[in-house]
Amino acid sequence: MIIFLDDIRVPSMSHNVGKGLGVDYSDKDKWVIVRDYFGFVDLINKNFDEINLISFDHDLACYKDGIEYTGKSAVDYIINYCLDHNKEFPDWYAHTDNTSGKRNIIGAVLNYLDKVEGKDISNFRDYNNGILNNKPV
């Protein structure tokens, strides 16, 4: 299962020729599209072991009780899920256009992979937006 977390866009808007993960990832029928944080949490809880890839937007326009839930909130949820269930973080990509949000998502995932999972992140560069098949993309 591959998950596209975004409140508005479809995968072809973020993954196409010259952008994102390319045309192999542009067909919306290949993705499970999730529009908000709470739907994402539900999907993670029910299907974590089936997840191969998650593509994150940051700004989800998702609020509850005065709290904003973002793509970074979703990353934090997965990190805690992995810690609680002794799982590895799945392949991921940050497709968000929010530059500071992208840095927050990437920083959180890389820190977790380095400090908790002991993964070698030394090949990850500023222009990379995720990890697919153990390689920075």
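The values are calculated or read from the model by the stated rules, or taken from the named source; none is laboratory data. Just so you know, these numbers come straight off a predicted model, no measurement behind them. Virtual Cβ from ideal backbone geometry, glycine too; neighbours counted across all protein chains shown. Surface areas here come from the heavy atoms of the whole protein model, side chains and all, with no ligands, DNA or RNA. Shrake-Rupley method; radii C 1.70, N 1.55, O 1.52, S 1.80 Å.
Per-structure values
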| read-out | value |
| --- | --- |
| Single unsatisfied condition, residue 18 versus (1) at pLDDT below 95; (2) open to solvent by less than 30 Å² (accessible area, probe 1.4 Å) | (2) |
| Test: residue in the stretch 42-54 that is open to solvent by 40 Å² or more (accessible area, probe 1.4 Å), closer than 18 Å to residue 96 by Cα, modelled with pLDDT of 95 or more and not in a strand (DSSP E or B) | no |
| Counted residues, the stretch 76-90 - those being open to solvent by less than 20 Å² (accessible area, probe 1.4 Å) and assigned to a helix (DSSP H, G or I) | 2 |
| Some residue of the stretch 13-21 being without any contact (Cβ under 8 Å) to a residue 60 or more places away in the chain, of a type in the set (Gly, Ala, Ser), in contact with a strand residue (DSSP E or B) (Cβ under 9 Å, 6 or more places away or on another chain) and under 24 Å from residue 128 (Cβ atoms) | no |
| Answer from 73, 100 - the residue that is of a type in the set (Gly, Ala, Ser), part of a helix (DSSP H, G or I) and within 13 Å of the chain's Cα centre (by Cα) | 73 |
| Where a residue in the stretch 102-125 is in contact (Cβ under 8 Å) with a residue 12 or more places away in the chain and its partner, wherever it lies, is open to solvent by 60 Å² or more (accessible area, probe 1.4 Å) and of a type in the set (Lys, Arg), with Cβ under 8 Å and at least six apart | 113/119; 123/135 |
| Unmet criterion (only one of (1) assigned to a loop (DSSP other than H, G, I, E, B); (2) closer than 23 Å to residue 108 by Cα) for residue 8 | (2) |
| Matching residues in the stretch 20-31 - criterion: being under 15 Å from residue 137 (Cβ atoms), within 16 Å of the chain's Cα centre (by Cα) and not in a loop (DSSP other than H, G, I, E, B) | 25 |
| Evaluation of residue 61 against (1) farther than 15 Å from residue 35 by Cα; (2) surrounded by fewer than 16 Cβ atoms within 10 Å (Cβ to Cβ) (one fails), failing number | (1) |
| Index of the failed condition, residue 112 passing every other in (1) over 12 Å from the mean Cα position of the chain (by Cα); (2) open to solvent by 30 Å² or more (accessible area, probe 1.4 Å) | (2) |
| Subset of the stretch 115-137 (residues that are among the acidic types (Asp, Glu) and open to solvent by 60 Å² or more (accessible area, probe 1.4 Å)) | 120, 126 |
